[in-house]
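K.L.:
Input: one structure, supplied below.
The values are calculated or read from the model by the stated rules, or taken from the named source; none is laboratory data. Note that the structure is predicted; figures quoted are calculated from it, not measured. A quick note on method: Cβ atoms are made from the backbone with ideal geometry, for glycine too, and the neighbour counts reach across all protein chains shown. Please note that ligands, DNA and RNA were not included when accessible areas were found on the heavy atoms of the full protein model with its side chains. Shrake-Rupley method; radii C 1.70, N 1.55, O 1.52, S 1.80 Å.
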Amino acid sequence: QVQLVESGGGSVQAGGSLRLSCAASRYGTYCMGWFRQAPGKERERVATRDTAGSTTYADSVKGRFSISRDNTKNTLYLQMNSLKPEDTAMYYCAADPGDYCPVYRQFSYWGQGTQVTVSS
């Protein structure tokens with residue numbers, strides 16, 4: 001299994017940018033993803049990246065967010081630009097073993113989350 005630790009969250013004004021990082025405790029073949037959950041809302045899949053480099057994005061963040069990996073540092077990133085108050089949420093990093101990302105089931109491993117707050 002793998003342990004995940006997120007960092008990079010904080011407070012920013014609308015239109016600003018943040019980059020979240022997710023450090024993994026070990027190397028392996030994983031699909032990686034970012035999720036978020038705001039108070040009173042269900043958890044949302046923000047972005048995923050499989051081992052072949054294929055990515056997916058929620059419609060609400062397309063064109064603004066970008067997911068990437070740095071294999072030398074064993075780290076996953078989420079670059080967030082043009083932030084909106086609606087992006088305010090706890091952001092979680094997740095991993096799932098294998099070459100492909102889950103479609104009908106949950107990811108296997110989760111970090112503790114990092115808070116992102118966007119003000120008007």
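K.L.:
Between the DSSP loop rule and a limit of at most 15 other Cβ atoms within 10 Å, which trypsin sites (Lys or Arg not before Pro) in the range 1-53 are left? Kindly include the intermediate steps, with their values, before the conclusion.
P.N.:
Values: sites: ARG19, ARG26, ARG36, LYS41, ARG43, ARG45, ARG49; in loops: ARG26, LYS41, ARG43.
Those that pass, being in a loop and sparsely packed, are ARG26, LYS41, ARG43.
K.L.:
Go through the cysteines of the chain and tell me which have no other cysteine Cβ under 4.7 Å away.
P.N.:
Taking the Cβ cut-off of 4.7 Å, the chain has no unpaired cysteines at all.
K.L.:
Rounded to the nearest whole Å², what accessible area per residue is found for the range 30-120 with the 1.4 Å probe? Let's see the in-between values first.
P.N.:
Details: 4820 Å² over 91 residues.
Ligands and nucleic acids excluded, the figure is 53 Å² per residue.
K.L.:
Trypsin sites (Lys or Arg not before Pro), restricted to the range 51-113: which are DSSP loop and have at most 16 other Cβ atoms within 10 Å? Let's see the in-between values first.
P.N.:
Details: sites: LYS62, ARG64, ARG69, LYS73, ARG105; in loops: LYS62, ARG64, LYS73, ARG105.
Here the trypsin sites (Lys or Arg not before Pro) that fit, given the DSSP loop and packing criteria, are LYS62, ARG64, LYS73, ARG105.
K.L.:
Return the tail of the calculated pair distribution for the range 1-66, meaning the percent of Cα-Cα pairs more than 16 Å apart.
P.N.:
Details: 1275 of 2145 pairs.
Here the long-distance tail beyond 16 Å is 59 percent of all Cα pairs in the range 1-66.
K.L.:
Loop only by DSSP, 14 or fewer other Cβ within 10 Å of the Cβ. Give me the chymotrypsin sites (Phe, Trp or Tyr not before Pro) in the range 1-39 that pass, ordered by residue number.
P.N.:
Numbers: sites: TYR27, TYR30, TRP34, PHE35; in loops: TYR27.
For chymotrypsin sites (Phe, Trp or Tyr not before Pro) across the range 1-39 that sit outside H, G, I, E and B with at most 14 neighbouring Cβ atoms in 10 Å, the list reads TYR27.
K.L.:
On the accessible surface of the chain, probed at 1.4 Å, how many percent belong to carbon and sulfur atoms?
P.N.:
On the way: 2980 of 6570 Å².
After summing per-atom areas, the C and S share lands at 45 percent.
K.L.:
Also, quick follow-up: Build a GNM of the chain with springs between Cα atoms under 10 Å: which of PRO102, PRO39, PRO85 gets the top mean-square fluctuation?
P.N.:
PRO39
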